[in-house]
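To start, the structure itself, in structure tokens.
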Amino acid sequence: MATGAAWAFAREGAPRVAATFFGDGASEEGVFHESLNFAALHRLPVIFVCENNQYALGSPVTARQPSGTSITGRARGYGIRAEQVDGNDVQAVYEAAHKAALHCREGNGPYFLELDTYRWREHVGPHWDHELGVRPQDEVESCIERCPIRRTTQALRATDPGIEDAVAAWDREFRAEVREAIALAKASPFPRVEDLLCGTYENRRGSGQCGNSPTARRSARRRSSAWRPIRPSCWPARASTTTRASTAPRATPSRASGPRG
Ligand SMILES: Cc1ncc(C[n+]2csc(CCOP(=O)(O)OP(=O)(O)O)c2C)c(N)n1
Ligand SMILES: [Mg+2]
């Protein structure tokens, strides 16, 4: 999508840069290579940011990619300027991102950043997974030592000892924000099946409305002539389909069957 957006910027001569963020596992998808090739060929203003947290689900990068190779190296193979950065060093990431944006704005084509970091917990959810044998506990502990928030806080303290009050205020503010987000999520209803494709296809009006609103219904009618999204079998049948399908029970999303990734 970012490559497409960058193509549009380039065609329209817009002074804009697209950026896309994805994992080390995502870099093994075919579309990754297609996008890099296309962006390099057309010198598109797009920054590819790979957050390499060393795992895809519970599978380490060393078990998935040949030794002696790197994701940055693969990007360079397409002739793209690419840099591997300590992703847990906020200042280094800032400087690399600045350089990447400048490179794109000056019409030099795409830029690739591989940010080395680490995922402390399981792929989806709040639990530790080293007890399940996914990875060794000492690996997790040594990576926690590199916590980017702690490192940045220490760096700020070193330059300005008077920053302590501000740090404590940020801590309170962010913890309150997370608590509120959790409370809001728990109090919210599950999304409706009708909203499954919300945001998947272009909403020409850009209203951002989903589901069963008059605007969404109008835009769905307009879309239906141009796009034919695959209807998942759990969807309620359309009135015009066969008797068997139209009497099929309507699927109700539940926690157990909700999307996991
Ligand atoms: C196109 C596609 N292929 C496969 C999956 C299944 N899947 C979900 S997450 C995941 C691993 C992603 O790894 P990574 O990009 O490193 O993300 P992380 O696990 O670090 O969050 C896979 C294979 C998917 N959701 N979509
Ligand atoms: Mg990953």
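Would you tally the residues in segment 25-48 being within 16 Å of ligand 1 (Cβ to nearest atom) and surrounded by 21 or more Cβ atoms within 10 Å (Cβ to Cβ)?
Of the residues in segment 25-48, 4 are within 16 Å of ligand 1 (Cβ to nearest atom) and surrounded by 21 or more Cβ atoms within 10 Å (Cβ to Cβ).
Those residues that are away from ligand 2 (no atom under 16 Å from the Cβ) and within 21 Å of Ile182 (Cα to Cα), I need them from segment 107-139; list them, please.
Pro126, His127, Trp128
Say whether the condition of being within 15 Å of ligand 2 (Cβ to nearest atom), touching a residue at least 60 places away in the same chain (Cβ under 8 Å) and not in a strand (DSSP E or B) is met by at least one residue in segment 84-106.
yes
For (1) closer than 27 Å to Arg135 by Cβ; (2) within 16 Å of ligand 2 (Cβ to nearest atom); (3) in contact with a Pro (Cβ under 7 Å, 6 or more places away or on another chain), each residue gets a yes or a no:
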residue: Gly4; (1), (2), (3): no, no, no
residue: Glu12; (1), (2), (3): no, no, no
residue: Ser35; (1), (2), (3): no, no, no
residue: Arg64; (1), (2), (3): yes, yes, no
residue: Thr69; (1), (2), (3): yes, no, no
residue: Ala75; (1), (2), (3): yes, no, no
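Only one of these conditions is not met by Val134: (1) surrounded by 19 or more Cβ atoms within 10 Å (Cβ to Cβ); (2) aliphatic (A, V, I, L, M); (3) not in a helix (DSSP H, G or I). Which number is it?
(1)
Condition test on Arg175, is it out of contact with any Leu (no Cβ under 7 Å at 6 or more places or on another chain), in contact (Cβ under 8 Å) with a residue 40 or more places away in the chain and not β-branched (Val, Ile, Thr)?
Taking the combined requirement at face value, the residue does not satisfy it.
When only residues in segment 50-81 that are more than 20 Å from the chain's Cα centre (by Cα) and among the hydrophobic types (A, V, I, L, M, F, W, C) count, which is nearest to ligand 1 (Cβ to nearest atom)?
Ala63
So which residues in segment 14-33 are at pLDDT 95 or above and either among the aliphatic types (A, V, I, L, M) or more than 16 Å from ligand 2 (Cβ to nearest atom) (or both)?
Those that are at pLDDT 95 or above and either among the aliphatic types (A, V, I, L, M) or more than 16 Å from ligand 2 (Cβ to nearest atom) (or both): Arg16, Val17, Ala18, Ala19, Ala26, Gly30, Val31, His33.
Anything in segment 144-168 that is modelled with pLDDT of 95 or more, of a type in the set (A, V, I, L, M, F, W, C) and part of a helix (DSSP H, G or I)? List them, or say none.
The one that is modelled with pLDDT of 95 or more, of a type in the set (A, V, I, L, M, F, W, C) and part of a helix (DSSP H, G or I): Ile144.
Could you grab me the full set of residues in segment 132-177 that are under 18 Å from Gln91 (Cα atoms) and either touching a Gly at 6+ places or on another chain (Cβ under 6 Å) or among the small types (Gly, Ala, Ser) (or both)?
Ala155, Ala158
What number of residues within segment 4-54 satisfy the criterion of being in contact with an Asp or Glu (Cβ under 8 Å, 6 or more places away or on another chain), on the phi < 0 side of the Ramachandran plot and part of a loop (DSSP other than H, G, I, E, B)?
Selection size over segment 4-54: 2.
Quick check: anything in segment 107-126 in the same structural domain as Phe38 (by TED's automatic domain parsing), in contact with a helix residue (DSSP H, G or I) (Cβ under 8 Å, 6 or more places away or on another chain) and among the aliphatic types (A, V, I, L, M)?
Checked against the condition, which is being in the same structural domain as Phe38 (by TED's automatic domain parsing), in contact with a helix residue (DSSP H, G or I) (Cβ under 8 Å, 6 or more places away or on another chain) and among the aliphatic types (A, V, I, L, M), segment 107-126 yields at least one hit.
Which pairs have Cβ atoms under 8 Å, sit 6 or more apart or on different chains, and link a residue in segment 122-134 that is without any contact (Cβ under 8 Å) to a residue 40 or more places away in the chain to one that is part of a helix (DSSP H, G or I) and buried (at least 16 other Cβ atoms within 10 Å of the Cβ)?
Close Cβ pairs (under 8 Å, with a partner that is part of a helix (DSSP H, G or I) and buried (at least 16 other Cβ atoms within 10 Å of the Cβ)) amount to Trp128/Val140; His130/Val140.
Would you check which residues across segment 107-118 are assigned to a loop (DSSP other than H, G, I, E, B) and buried (at least 18 other Cβ atoms within 10 Å of the Cβ) and list them?
Gly109, Pro110, Thr117, Tyr118, listed by residue number.
Any residue at all in segment 108-118 that is modelled with pLDDT under 95, within 16 Å of ligand 1 (Cβ to nearest atom) and within 28 Å of Glu34 (Cβ to Cβ)?
No, segment 108-118 has no match at all.
Here is a list of conditions, (1) under 17 Å from Ala5 (Cα atoms); (2) more than 8 Å from ligand 1 (Cβ to nearest atom), and Phe22 meets all of them except one; can you say which number that is?
(2)
The values are calculated or read from the model by the stated rules, or taken from the named source; none is laboratory data. The model shown is predicted, which means the values in this text are computed figures rather than measured ones. Using ideal geometry, Cβ is built from the backbone for each residue, glycine included, and neighbour counts are taken over all protein chains shown.
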